[in-house]
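Taking it in order: structure first as structure tokens, then the write-up.
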Amino acid sequence: MSDSPIKLRRSALYVPASNEKALAKARDLSCDAVIFDLEDSAAPEEKATARERLRKLLSSDMRPSREIIIRINPLSSEWGTEDLLAARAMRPDGILLPKVEGPDDILAADEALDEADAPPSLKLWAMMETSRSIVNAAPIAELGRNPAARLACLVAGVNDLVKETRIAPLRENLRPWLMQIVLAGRAAGIDVLAGVTNNFRDMEVFARDCSDARSMGFDGKTLIHPAQIYPANAIFAPSSEELAEARRIVEAFSKPENQEKNVVALNGRMMERLHLEQARALIRRAQAVEELEDRDD
Ligand code: COA
Ligand code: MG
């Protein structure tokens, strides 16, 4: 497990660039990432205005200090290339590519960014929302192992997946595909974010979706409404029970009699060094959350 700084992506809120009110709110929201959307939430006749509004916002002092991602239209669409170039000029942390079907879509965007002299720090995120993206999850994610390809994060897009595959939108139907996204992301060492919960009024449904996504291994969740930020931040952060258990494991291995041991017993359970690594990673993540929250206070 690496000691590189932890980038928290517990909550990534879609903010429609076509909605002036929503744009004006973005700076003061406490989500870990903001995904400004030029795609699904902007109607064809709104696309150009949305892009221009976003450009204005991001060059003003209303620019959020969070991780900034811009979701563009597909490069194959009439808006895609212009979106990509405009987004690059807005200096986001990442560009989210919709309707990815295979590794070539990532490579094409990467090439276009290289041609536009984009810095290597500008990352690509991929929407996993077509049936081909699930079939090709491993080769898509694999590009994340090559820093030159810019791929940093996979985002599940459940509404499009349901539409395209014609399944009933039930969690048991989606689960095998979501787990493929998680596995592909982990194999490549990149982050994976869960899809949205359309019901933004029922917070019980939302909390259950977050817990479910966390248990599947997702690093965070994409959101559609500001009311979803606080619960997502809480559920994707280590809980106080998990933190206490992690500290007990670290303490057990640091006892003089255990320092050379690979396996110790803790409250009737076997603990190996891999559990110590997991415990240390969880403590680092909890520290990252605490630092971020201190910064926000
Ligand atoms: N980002 C920023 N602000 C948002 C927001 C968002 N995603 N969603 C709602 N708000 C703001 C509203 O503008 C409103 O502001 P106001 O109090 O100044 O009027 C406030 O939060 C409360 O909103 P509310 O009245 O509860 O909801 P709504 O009916 O205005 O909006 C949606 C509901 C679903 C239309 C809206 O949340 C939305 O557009 N979400 C994102 C959709 C999207 O991006 N889809 C594509 C990706 S899946
Ligand atoms: Mg979509």
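Using only alpha carbon pairs under 8 Å that are at least six residues apart, calculate the relative contact order of region 137-265 and give it in whole percent.
For region 137-265, the relative contact order is 21 percent.
Find out how many positive minus negative residues lie around F218, taking Lys and Arg as positive, Asp and Glu as negative, among other residues whose Cβ is under 11 Å from that of F218.
Spelling it out: positives minus negatives among the neighbours equals +1.
Contour minus end-to-end for N198 and A116, with contour as 0.36 nm per residue of separation and end-to-end as the Cα-Cα distance?
Full extension of this stretch gives 25.9 nm more.
Between S60 and N267, what's the calculated FRET efficiency when r is the beta-carbon distance and R0 is 51 Å? Round to 0.05.
About 0.40, to the nearest 0.05.
Which shape class, rounded, prolate or oblate, goes with region 249-291 when its Cα gyration tensor gives a ≥ b ≥ c as root eigenvalues, a/c under 1.5 marks rounded, and past that a/b bigger than b/c marks prolate?
In terms of gyration-tensor shape, prolate.
On a full-extension model of 0.36 nm per residue, what is the gain between H225 and E277, subtracting their alpha-carbon distance, rounded to one decimal in nm?
Numbers: separation 52, 0.36 × 52 = 18.72 nm, distance 3.53 nm.
Contour length minus the Cα-Cα distance gives 15.2 nm.
Kindly flag which residue pairs out of K21/K99; K123/K221; K7/K123; K21/K56; K56/K221; K7/K261 have an alpha-carbon separation exceeding 20 Å in this structure.
Table pairs above 20 Å Cα-Cα are K21/K99; K56/K221; K7/K261.
Any chance you could check the Cα centroid distance between region 240-255 and region 1-44 for me, in angstrom?
34
What angle do you read, to the nearest 10 degrees and between 0 and 90, between the alpha-carbon axis of helix 273-296 and the longest principal axis of the chain?
It is inclined by approximately 50 degrees.
Give the percent of DSSP beta bridges with both residues in the chain that are antiparallel, rounded to the nearest 5. It would help to have the intermediate numbers written out before the result.
Working: 4 of 34 bridges.
DSSP beta bridges in the chain are roughly 10 percent antiparallel.
Angle between the Cα long axis of helix 103-115 and the longest principal axis of the chain, 0 to 90 degrees, nearest 10?
70
Taking 0.36 nm per residue of separation and subtracting the Cα-Cα distance, what length does fully extending S254 through E101 add?
That works out to 50.3 nm of additional length.
Which residues among region 26-42 fall inside the zone where the amide N is under 20 Å from a point 7 Å beyond the Cα of T49, along Cα→Cβ?
Backbone N within reach: 26, 36-42.
Can you compute the equivalent ellipsoid semi-axes for the chain, i.e. the square root of 5 times each eigenvalue of the Cα gyration tensor, sorted largest first and rounded to whole Å?
They are 35, 21, 20 Å, listed from largest to smallest.
Name the shape class, rounded, prolate or oblate, that the alpha-carbon gyration tensor gives for region 1-119, where a ≥ b ≥ c are the square roots of its eigenvalues, rounded holds for a/c under 1.5, and otherwise prolate holds if a/b is larger than b/c and oblate otherwise. Don't skip to the answer; put the middle values down first.
Working: a/c = 1.60, a/b = 1.02, b/c = 1.56.
Oblate, because a/c is 1.5 or more while a/b does not exceed b/c.
Which value in nm describes the separation of the simple spin-label points at A168 and E82, placed 7 Å from the Cα toward the beta carbon?
In this crude label model, A168 to E82 measures out at 4.3 nm.
No value in this document is a laboratory result; all are computed from the given coordinates. These figures come from a predicted structure and were not determined experimentally. Cβ: placed from backbone, ideal geometry, glycine included. Neighbour counts: every protein chain shown.
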